[in-house]
Amino acid sequence: MTRGDKVVLGAVVVLALAVFGYQGMRFRLMPPAQEAQVVVEVKGEVVETHPLKDLKAGGQWQVKGPLGYSVYEGGDNRVRMVSSPCPDKVCVKRGWISASGEAIICVPNQVVIHVEGHQEDEEGPDALTQ
Amino acid sequence: MEVKTRKLLHLSFLVAAGTALHIFEGMLPALSVLPGAKLGLANLVNLIALSFYGAGSAWWVVILRVFLGSLLGGTLLTTTFFLSSAGALGSMLVMIISYSGGRGPFSLMGVSVLGAVAHNLSQLLMATVLIQRLGIFFYLPYLLAFALPTGYFVGLTATYVGRYFPAKNGEWKKPVTKGVSSRALNT
């Protein structure tokens, strides 16, 4: 190990920590979900989309499914189902969703609410590197 | 044996060994937690070529190794091939600059670690071009953390290999084996 080697090792550790720290900060300062879209589907067809940040806290929207109206509510960059005509209320019990890829699925009323993000990190490399 | 023939023989051997290592590494199961992380065994022959025969020969070894390795590994002209080439060429460029004919401030370990880091960076850059998404750089810290020990040990191995390739009658350029005590090397 020469002095130059030690400088290299130190620099790599610092660089790794710096990038790691920067990513942590970025994630905390502006969560990726801010640009996310809330997509509401009935019977598999998209009926409404809202930018997640536009769903004001406490605001409620309704969407008509085969059984009746499902009501969902916005709140601080998240969304939840507040009432539904379905018998088991699984969708209501699902609670808040906010992250890209999360979904509330009400099978009886055929309503699906899911968050589609522009999260950059969700796609990993799919090729094996050699 | 004539010096020129000897050199040709040694470089051919290095290309063959590098090709084998390249394919062997491709056969190792990918780390599911960290796709893209690898040992960098093929870099061993690059380091040996660089330290014994200099930059020009090292380029030949790395280019032929990637081509043959991809051809025999069945990845030629696939995404893997482009990632592989980008990594190998970027890494070689940085290693040649940092080694600078043995007069640089780094031993082969330092050169190897720098090469591993350059490999990761150029591979991520190529991946970004291929998938058109910058987010893949989020892997960088993890890859760098992996590159440190693997790069170091590959460099150490190259140093030891260099010791067991004897220089005779000035036909070889004796590699610079800085940073490893002569006692450790004599064992």
Please verify whether region B:154-164 includes one or more residues that are over 19 Å from B:Val62 (Cβ atoms), modelled with pLDDT under 75, away from chain A (no Cβ under 11 Å) and surrounded by fewer than 19 Cβ atoms within 10 Å (Cβ to Cβ).
-> yes
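Against the condition open to solvent by 30 Å² or more (accessible area, probe 1.4 Å), of a type outside the set (Val, Ile, Thr), outside any loop (DSSP other than H, G, I, E, B) and under 19 Å from B:Met27 (Cα atoms), how does B:Leu77 come out, does it pass? Give the derivation first.
Details: open to solvent by 30 Å² or more (accessible area, probe 1.4 Å): yes; of a type outside the set (Val, Ile, Thr): yes; outside any loop (DSSP other than H, G, I, E, B): no; under 19 Å from B:Met27 (Cα atoms): yes.
Here the answer is no, as B:Leu77 does not meet what is asked.
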β-branched (Val, Ile, Thr) and over 24 Å from the mean Cα position of the chain (by Cα): does that describe A:Val13?
-> yes
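The values are calculated or read from the model by the stated rules, or taken from the named source; none is laboratory data. Note that the structure is a prediction, hence the values are computed from the model and not measured. Cβ: placed from backbone, ideal geometry, glycine included. Neighbour counts: every protein chain shown. Each accessible area value is taken on the protein alone, full model and side chains, heavy atoms only, with ligands, DNA and RNA left out. Shrake-Rupley method; radii C 1.70, N 1.55, O 1.52, S 1.80 Å.
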